[in-house]
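Just below is one structure, and these are the notes that go with it.
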Amino acid sequence: MVSSPSDPSPSRSDSLATAWREYFLRAAAEAPRHPEARDYMNEDLRSALGRLIPDDARVLEVGCGAGDLLASLPNRQRTGVDMLAEVVAAAKDRHPEITFKVGDANDLGAVGTFDAIICDRLCHSAPDIRALLCSLRERLSDEGRVYLTAFNYLWELPARAAETLGWKLPAPETNWLSESDYKNLFDLAGLEIVRHEDRVMVPLGVPGVGELLNRYLVKLPVLQRLSVYRIYVLRRRDIPSLESRAPSVTVVVPTRNEAGNVRGAITRTPVMGGGTEIIFVEGGSTDGTWERIQQEIAAYRGPLKLQAWQQTGKGKGDAVRLGFDKATGDLLMILDADLTVPPEELPVFYDAAVQRRADYIQGTRLVYPMEPGAMRFFNKLGNVAFSQLFTYLLQQPIKDTLCGTKVLWRSDYLRIAAGRHVFGDFDPFGDFDLIFGAARLNLKIAEIPVRYRDRVYGETNISRWKHGWLLLKMSAVAARKIKYV
């Protein structure tokens, strides 16, 4: 590895690099003789990254070794870089379908940009971790992610003991970093954490209890501190803003028995970006909502583009999907027709999306005081409980799962829709279809506090007990498909 100009002792860095080079060569030579724990860990990592990395991503692995991890992925474009020419030559013979190159992790040169960069445990051997992370960031596409793995620093003493007992190949001087160390270095390198996963409590497939320990118990809030390693999913903090090209916007308004709110949805929604359209999706109203929508569209002479459709299915989720399918805007928004979240606040969501503060943005009604009657006590209590549960399951902060105001890019929605089969079509609300899909794609989730108002027309379509039971079932799906895998 090349010494960083800021390194106060270049000769020491060079000697460490030489020591690690010899270690990696020896480890490659001795690999067939000590397969058990190593094979278990490698298989676990392959399984996790195969789920986390989108199938259509261009993948780079830095420190690729023999290339077996890359070979386990289904992606068409895969590139491996390693500093050891001998290892790269062997990898080319082993996996001729993959591109391999000799290179320095701190100076990746002209390898191009990638949607997914794997950095497996390199932080433990890098002479300059900040320089390594900066190098990875420079090779990321605007929407790319770094998948960085690191051993838990609490395992340093067991690792040293294993070396003393001859159970593990002795390693040169090793970096052992705490969680706060990683967060600090990510910040210095211009990266931010999207989510993380704690993996494996016992690095062996122990009969009878292995799955219990390594799949379930290691994910619990206290026991996760005993995990052997963690996968960080990172994105760039300096993603270029899109303000210069003013993306267009589609606002989808699911509408059932909301005749008295149709005009307000039109007159109060501001024009955003390169143009704004409103799509009303009406679903089986009994108060003349569909007729009112037609009247308002016919009479409208303003700058907004208006559409209206009637759904053949049932539920808000079905209405949202129909609206998104008909949308022409670059940025998709959902506005509840009850207008309890004011349409005037939508530009705040637009600015956050265009400035690339997050990939998926929703409102939260649980920060500011609400108007009297805006949300019943048990509904609010349920929202708070589910926010804690979903934050735990998705490893991203979710305060208000059922706030109807949601914003995401149409390109990301199409990816979510393409992967809908993973969770199944079971969500009548539409909220969790989007939240689960965003989490699965490692989109950065953010919430914007909104002022939640009382209804001025109509009644809520939410049944607190019936829909609360549905929320519990959806939580179980999130646990099975996202958390405990």
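The values are calculated or read from the model by the stated rules, or taken from the named source; none is laboratory data. Everything quoted here is computed from the prediction, not taken from an experiment. Please note: Cβ atoms are built from the backbone with ideal geometry, for glycine as well, and neighbour counts cover all protein chains shown.
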> Considering R121, R195, R160, R199, which residue is free of Cβ contacts under 8 Å to residues at least 40 places away in the same chain and either outside the structural domain of A439 (by TED's automatic domain parsing) or more than 30 Å from W409 (Cβ to Cβ) (or both)?
Replying inline: R160
>> I want to confirm something. Restricting to segment 234-254 and keeping residues that are surrounded by fewer than 20 Cβ atoms within 10 Å (Cβ to Cβ) and closer than 21 Å to R440 by Cα, which single residue is modelled with the highest pLDDT?
In response: R237
> Which residue, of A308, A337, A298, is aliphatic (A, V, I, L, M) and either free of Cβ contacts under 8 Å to residues at least 24 places away in the same chain or in contact with a His (Cβ under 9 Å, 6 or more places away or on another chain) (or both)?
Replying inline: A298
> With G430, G424, G404 as the choices, which residue is at pLDDT below 90, closer than 20 Å to D55 by Cβ, of a type in the set (G, A, S) and assigned by TED's automatic domain parsing to the domain that holds E344?
Replying inline: G424
>> Which of the numbered conditions does A298 fail, given that it passes all the others? Conditions: (1) within 30 Å of L366 (Cβ to Cβ); (2) out of contact with any Phe, Trp or Tyr (no Cβ under 7 Å at 6 or more places or on another chain); (3) among the aliphatic types (A, V, I, L, M).
In response: (1)
> Taking interchain pairs and intrachain pairs at least six residues apart, which have beta carbon atoms under 7 angstrom, with the first residue in segment 99-116 and closer than 20 Å to A71 by Cα and the second of a type in the set (F, W, Y)?
Replying inline: A116/Y147
> Which one of the conditions (1) surrounded by fewer than 18 Cβ atoms within 10 Å (Cβ to Cβ); (2) of a type outside the set (G, A, S); (3) assigned by TED's automatic domain parsing to the domain that holds D318 does L220 fail to meet, given that it meets all the rest?
Replying inline: (3)
> Just for segment 303-337: of the residues that are in contact with a strand residue (DSSP E or B) (Cβ under 7 Å, 6 or more places away or on another chain), of a type in the set (S, T, N, Q) and surrounded by fewer than 19 Cβ atoms within 10 Å (Cβ to Cβ), which one is farthest from G275 (Cα to Cα)?
Replying inline: Q310
>> Anything in segment 150-180 that is hydroxyl-bearing (S, T, Y), under 25 Å from Q224 (Cβ atoms) and outside any loop (DSSP other than H, G, I, E, B)? List them, or say none.
In response: Y153, S180
